[in-house]
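The values are calculated or read from the model by the stated rules, or taken from the named source; none is laboratory data. Just so it is clear, the structure is predicted and the values come from calculations on it, not from any experiment. Cβ coordinates were reconstructed from backbone atoms using ideal geometry, including for glycine residues, and neighbour counts include every protein chain displayed. Side chains included, ligands, DNA and RNA excluded: accessible areas come from the protein's heavy atoms. Shrake-Rupley method; radii C 1.70, N 1.55, O 1.52, S 1.80 Å.
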Amino acid sequence: MQLTSFTDYGLRALIYLASLPEGELTSITKVTEIYNVSRNHMVKIINKLGQLGYIETVRGKNGGIRLGKSAESIIVGDVVRAIEPLQIVNCSVDFCHITPACRLKGVLADAREAFLAELDKYTLLNLVEDNAPLLNLLSNPNKL
């Protein structure tokens, strides 16, 4: 299964925010520079993650973005479910005439659920805690 770039960079943005000291603000510009992604794309991602409560935005002169929840409460599987279109194949009768008798859709649904169950085992904290190499790379984006 391949995640969309939207979900991929959404998870990366959350990882970066989780790597910062608790409550520290950063900017969308900083996140785009860290991952070398278009600002326009990242603005859309941060907006969506903000709507979902994963990111808090603070307006004003000293504003910025930070995690909206604790890293230990953000379950990777929940984030993926919230922002990833999880339809693996189009099984509508209008698209595929074998849909009424097809067993593949059930197999793919089981595979998707197994994938998500594995992601549910991990929180954002699991991805950043005691991960000095990650923290080093995020603090020195030229090494990425």
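Starting from segment 123-134, take each residue that is at negative phi and open to solvent by less than 80 Å² (accessible area, probe 1.4 Å) and list its partners that are part of a loop (DSSP other than H, G, I, E, B) and modelled with pLDDT of 95 or more, counting only C-beta distances under 8 angstrom and pairs at least six apart or across chains.
Matching pairs, first to second residue: 123/74; 124/74; 125/70; 125/74.
Can you name every one of the helices (runs of 4 or more DSSP H) wholly within segment 1-81 that holds 1 or more residues which are touching a Lys or Arg at 6+ places or on another chain (Cβ under 9 Å) and within 20 Å of residue 129 (Cβ to Cβ)? Reasoning before the result, please.
Working: elements: 5-19, 28-35, 39-51.
Of the helices (runs of 4 or more DSSP H) lying wholly inside segment 1-81, those with at least 1 residues that are touching a Lys or Arg at 6+ places or on another chain (Cβ under 9 Å) and within 20 Å of residue 129 (Cβ to Cβ) span 5-19, 28-35.
Of all residues in segment 82-96, which are open to solvent by 40 Å² or more (accessible area, probe 1.4 Å), touching a residue at least 40 places away in the same chain (Cβ under 8 Å) and either among the charged types (D, E, K, R) or part of a strand (DSSP E or B) (or both)?
Correct list: empty.
Which of the residues spanning segment 100-140 are under 30 Å from residue 20 (Cβ atoms) and assigned to a loop (DSSP other than H, G, I, E, B)?
At the first step, the residues of segment 100-140 found to be under 30 Å from residue 20 (Cβ atoms) are 115-140.
The answer is 120, 121, 122, 129, 130, 131, 140.
Which members of segment 52-81 meet the condition of being surrounded by 15 or more Cβ atoms within 10 Å (Cβ to Cβ), among the hydroxyl-bearing types (Ser, Thr, Tyr) and either modelled with pLDDT of 95 or more or under 30 Å from residue 114 (Cβ atoms) (or both)?
Answer for segment 52-81, where residues must be surrounded by 15 or more Cβ atoms within 10 Å (Cβ to Cβ), among the hydroxyl-bearing types (Ser, Thr, Tyr) and either modelled with pLDDT of 95 or more or under 30 Å from residue 114 (Cβ atoms) (or both): just 54.
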